[in-house]
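Right, one structure below, let's go through it.
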Amino acid sequence: QVQLVESGGGLVQPGGSLRLSCAASKRTLSYYAVGWFRQAPGKEREIVAAISRNSGSTYYANSVKGRGTISRDNAKNTVTLQMNSLTPEDTAVYYCAAALWTGLPTTDKYDYWGQGTQVTVSS
């Protein structure tokens, strides 16, 4: 099974940007659709963005549409989420997850999860 490790989180000022990376090991990520999720304190986990295994399809939540870009490099076994114009409402633990799926899976299809990386947007 694939193992996922997120990186790139941290403290950023409002209006700033972050680049989150999801690196896979144990198995090639090219077999999997990958999603980025986040969970803020006291809130349910929500999907932020997703990308199909061949990059042919992407999804963005309304909350990040126009501010986020998800991309993948199957040769490097990584998926990246670039987030711009960050606001305090973007503060959360961000997780990447993988699903053995051809297109974009529903959120319940994600079987493999990373440990998460904290993103804090604050001045």
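The values are calculated or read from the model by the stated rules, or taken from the named source; none is laboratory data. In this text, all values refer to a predicted model and were calculated from it rather than measured experimentally. FYI the Cβ positions are ideal-geometry reconstructions off the backbone, even for glycines, and counts take in every protein chain you see. Side chains included, ligands, DNA and RNA excluded: accessible areas come from the protein's heavy atoms. Shrake-Rupley method; radii C 1.70, N 1.55, O 1.52, S 1.80 Å.
Can you report the number of residues in segment 88-100 which are more than 15 Å from ARG72 (Cα to Cα), in contact with a strand residue (DSSP E or B) (Cβ under 6 Å, 6 or more places away or on another chain) and not acidic (Asp, Glu)?
The number of residues fulfilling the criteria is 6.
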Of the conditions (1) within 17 Å of SER17 (Cα to Cα); (2) open to solvent by 10 Å² or more (accessible area, probe 1.4 Å), the single one that ASP111 does not satisfy is (1)
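Surrounded by 14 or more Cβ atoms within 10 Å (Cβ to Cβ) and at pLDDT below 95 - does that describe any residue in segment 69-76?
Scanning segment 69-76, I find at least one residue that is surrounded by 14 or more Cβ atoms within 10 Å (Cβ to Cβ) and at pLDDT below 95, so the answer is yes.
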Counting only residues that are over 20 Å from ASN62 (Cα atoms) and polar (S, T, N, Q), which one in segment 77-108 is surrounded by the fewest Cβ atoms within 10 Å (Cβ to Cβ)?
THR102
Does segment 29-56 hold any residues that are polar (S, T, N, Q) and more than 16 Å from TYR110 (Cα to Cα), and which are they?
ASN54, SER55
In the list ARG38, ARG45, ARG27, which residue meets the criterion of being open to solvent by 30 Å² or more (accessible area, probe 1.4 Å) and under 16 Å from the mean Cα position of the chain (by Cα)?
ARG45
Under 6 Å between Cβ atoms, at least 6 apart or on separate chains: pull out the pairs that start in segment 28-46 with a residue that is more than 21 Å from THR78 (Cα to Cα) and end on any residue that is open to solvent by less than 20 Å² (accessible area, probe 1.4 Å).
GLN39/ALA92; ALA40/ALA92; ARG45/PHE37
In segment 1-24, the residues that are open to solvent by less than 40 Å² (accessible area, probe 1.4 Å), more than 18 Å from SER55 (Cα to Cα) and among the small types (Gly, Ala, Ser):
GLY8, GLY9, GLY10, GLY16
